[in-house]
Amino acid sequence: MIGYKIDYIDEKKKIPVVVFEDDKYKLVAEFFLAEGRNFGREILAALTQAQRYPAANFAGNAFSLDIAVDFTVVTNDFTDAQCRISTDILRKVAADYVVACE
């Protein structure tokens, strides 16, 4: 299991950030900071869609997701940096992030 927590940059403004125990998921944390507050529900819907269909995609302002049943590739569209993460874990993080944004 990939360890993570939702923390806040600013308690007053409630700006949530995802903090992973393993630094190899730093790009995923950046993805949520850049796209999660604006597109959290859409991200969660795309990840949920992957449970019914073999593939799904999400494109935000700076990042994109190539979603498969087992793994998702998170890509920074400006630098082409990529990170692969379990779709189930990413779906759980997205659900927690959406709640943190409310």
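Please treat every number below as a calculation from the coordinates, not as lab data. The structure presented is a predicted model; accordingly, all values stated were derived computationally and were not measured. Glycine gets a Cβ as well: all are built from the backbone with ideal geometry, and neighbour counts include every protein chain shown.
Figures for the structure shown
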| read-out | value |
| --- | --- |
| Computed [θ] at 222 nm, helices only, for the chain once each DSSP H run of length n ≥ 4 contributes -39500 (n - 2.57) | -10000 deg cm²/dmol |
| Tilt relative to the chain, helix 37-49 - C-alpha long axis, 0 to 90 degrees, to 10 | 30 degrees |
| Non-local Lys pairs in the chain, i.e. 8 or more apart or on different chains, that have alpha carbons under 20 Å apart | 8 |
| Estimated vicinal HN-Hα couplings, Hz - the stretch 74-85 in sequence order (Karplus 6.51, -1.76, 1.60; Gly, Pro = x) | 9, 10, 7, 5, 8, 10, 6, 5, 9, 9, 9, 9 |
| With at most 11 neighbouring Cβ atoms within 10 Å, loop trypsin sites (Lys or Arg not before Pro) (DSSP) excluded, longest segment of the chain | 53-102 |
| Per DSSP, loop GluC sites (Glu not before Pro) in the stretch 1-91 with at most 14 further Cβ within 10 Å | GLU11, GLU21 |
| Karplus 3J(HN,Hα) series, Hz, for the stretch 50-60 with 6.51 cos²θ - 1.76 cosθ + 1.60 (x for Gly, Pro) | 5, 6, 9, 10, x, 7, 8, 9, 9, 10, x |
| Cα lying deepest toward the dipole's positive end in the chain, options SER86, ALA59, TYR97, charges on Cβ | TYR97 |
| Cα-based Rg of the chain normalised by 2.2 N^0.38 Å, two decimals | 0.99 |
| Computed lengthening from TYR53 to GLN82, 0.36 nm per intervening residue step minus Cα-Cα distance | 8.2 nm |
| Amide proton proximity set for VAL69, modelled H, under 5 Å, gap of 5+ | none |
| Estimated dipole of the chain in Debye, rounded to 20 [Cβ of Lys and Arg +1, of Asp and Glu -1, Cα centre] | 260 debye |
